[in-house]
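Structure first, commentary second.
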């Protein structure tokens, strides 16, 4: 068990295959797309246990074998359908009911109880009937009073049971059922704080989807050095289906569209975020989102843009309008180290090398973009190939003094520009090229001819 510290909250993160610790009410209308089953009457059916075969209450048990067959005899007498809402009436305090359902495909399942009145309090358990005829408790949901109950799990084909136990009941009708989904992302099961996807010490960009209107994806990041943390959501298709929230002092707070930078109160503090559906829009599991959660890139060091070796530079005296700060024949070698707010290298940071071939036409539409991500040491290293140019737009003659000789050269070249942008914070950036000097001039040398060489 790993204890983690959150702002104002402590919890244990456990390896889980199911969860039932969510007291958030089920969204209104979530079951509208499900079938409606015939009313079920309370009959106090019990889950029949075979002699010497106990129910194994272990939420971390291995998934049941997909080879379960029809030879299993259900322990509960009534078999109900999946993706169906069933009304149940007549329940009495202290009683219980057991119902059977079958999965034919690997699925994520949501077992639920809803629409209880103030005098009804149902405890919901979900149980798997294993291939060896044993039973495993997947999870139990027992929220206070008449709050909704929900258990989610990723399961294999086989036989399962709802177990409904009535802490309080006056016979009034309530609804229960199970909803299934096959379109799950690689981070499941992360539907609760305790089952959060733990992200590594870098700038992370997990991609996921919401497989149903009940799916809520949780992510946690430890600020090991107390470094600033960046949190934001990208909705590539602009669907509006996703809402990003941050856990602040035990309360979920919606994150602004541009994102936010979080400053932890201490080193080792976990930041927890979740992506939930926008309940005002239909859910489409084929749409994806991207969360950015991890160390914010606050600075950089060891930046260099190196030309080809042995470049014969055109001096300021020959070309000053503009002076070509960077000059090369064909290639540039670009490198830097990205750092967090404590100066520690950031893996997974992003930087853009933006280049224009024409100095006088520096529109964004004319830019050539190189995107790079920092490695485990926070380093970015790229070789940018400008290609060879045979004829440039400018030609000058200039003098070189070398090894006791005076050399006259004619150089032909093009003048462009470059800058580096590094996303930092919520909608901001740092880099090379800012408000005062928005770019660095680049000389692309096409041809150089030696006109004369005289010993000094």
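Residue 292 meets each of the listed conditions (1) closer than 24 Å to residue 423 by Cα; (2) without any contact (Cβ under 8 Å) to a residue 40 or more places away in the chain; (3) surrounded by 14 or more Cβ atoms within 10 Å (Cβ to Cβ) apart from (2). Selection of the stretch 247-264 for residues being under 20 Å from residue 296 (Cβ atoms) and either part of a strand (DSSP E or B) or in contact with a helix residue (DSSP H, G or I) (Cβ under 7 Å, 6 or more places away or on another chain) (or both) yields 247, 248, 253, 254, 260, 261, 262.
On inspection, residue 335 does not qualify as assigned to a strand (DSSP E or B) and more than 30 Å from the chain's Cα centre (by Cα). Screening the stretch 380-392 for residues that are surrounded by 14 or more Cβ atoms within 10 Å (Cβ to Cβ) and at pLDDT below 95 and picking the one that is nearest to the chain's Cα centre (by Cα) gives 389. Flag: residue 419 matches the condition of being under 30 Å from residue 234 (Cβ atoms) and either assigned to a strand (DSSP E or B) or touching a strand residue (DSSP E or B) at 6+ places or on another chain (Cβ under 6 Å) (or both).
Against the test of being in contact (Cβ under 8 Å) with a residue 60 or more places away in the chain, touching a strand residue (DSSP E or B) at 6+ places or on another chain (Cβ under 6 Å) and in a loop (DSSP other than H, G, I, E, B), the options 351, 347, 426 yield a single qualifying residue, 426. Being part of a strand (DSSP E or B), within 11 Å of the chain's Cα centre (by Cα) and surrounded by fewer than 23 Cβ atoms within 10 Å (Cβ to Cβ) holds for only one residue in 244, 233, and it is 233. Across the stretch 313-332, what is the total count of residues that are touching a strand residue (DSSP E or B) at 6+ places or on another chain (Cβ under 6 Å) and assigned to a loop (DSSP other than H, G, I, E, B)? Number satisfying all stated conditions: 9. Taking the stretch 382-416 as the range and being touching a residue at least 24 places away in the same chain (Cβ under 8 Å) and either part of a loop (DSSP other than H, G, I, E, B) or touching a helix residue (DSSP H, G or I) at 6+ places or on another chain (Cβ under 7 Å) (or both) as the test, the residues that pass are 386, 387, 388, 389, 390, 391, 392, 404. When each of 271, 227 is tested for being in contact with a strand residue (DSSP E or B) (Cβ under 6 Å, 6 or more places away or on another chain), outside the structural domain of residue 341 (by TED's automatic domain parsing), part of a strand (DSSP E or B) and surrounded by 17 or more Cβ atoms within 10 Å (Cβ to Cβ), the lone residue that passes is 271.
Quick one: is residue 365 assigned to a loop (DSSP other than H, G, I, E, B) and either touching a helix residue (DSSP H, G or I) at 6+ places or on another chain (Cβ under 6 Å) or assigned by TED's automatic domain parsing to the domain that holds residue 400 (or both)? No: the conditions fail for residue 365.
Of all residues in the stretch 231-248, those that are closer than 10 Å to residue 273 by Cβ have Cβ atoms under 7 Å from Cβ atoms of residues that are in a strand (DSSP E or B) and at pLDDT below 95, 6 or more apart or on another chain, in 247/6.
Residue 250 - would you say it is loosely packed, with under 14 Cβ neighbours inside 10 Å and under 30 Å from residue 186 (Cα atoms)? Taking the combined requirement at face value, the residue satisfies it.
The values are calculated or read from the model by the stated rules, or taken from the named source; none is laboratory data. This is a predicted model, so every value here is computed, not measured. In this analysis, Cβ positions are derived from the backbone assuming ideal geometry, glycine residues included, and neighbour counts consider all displayed protein chains.
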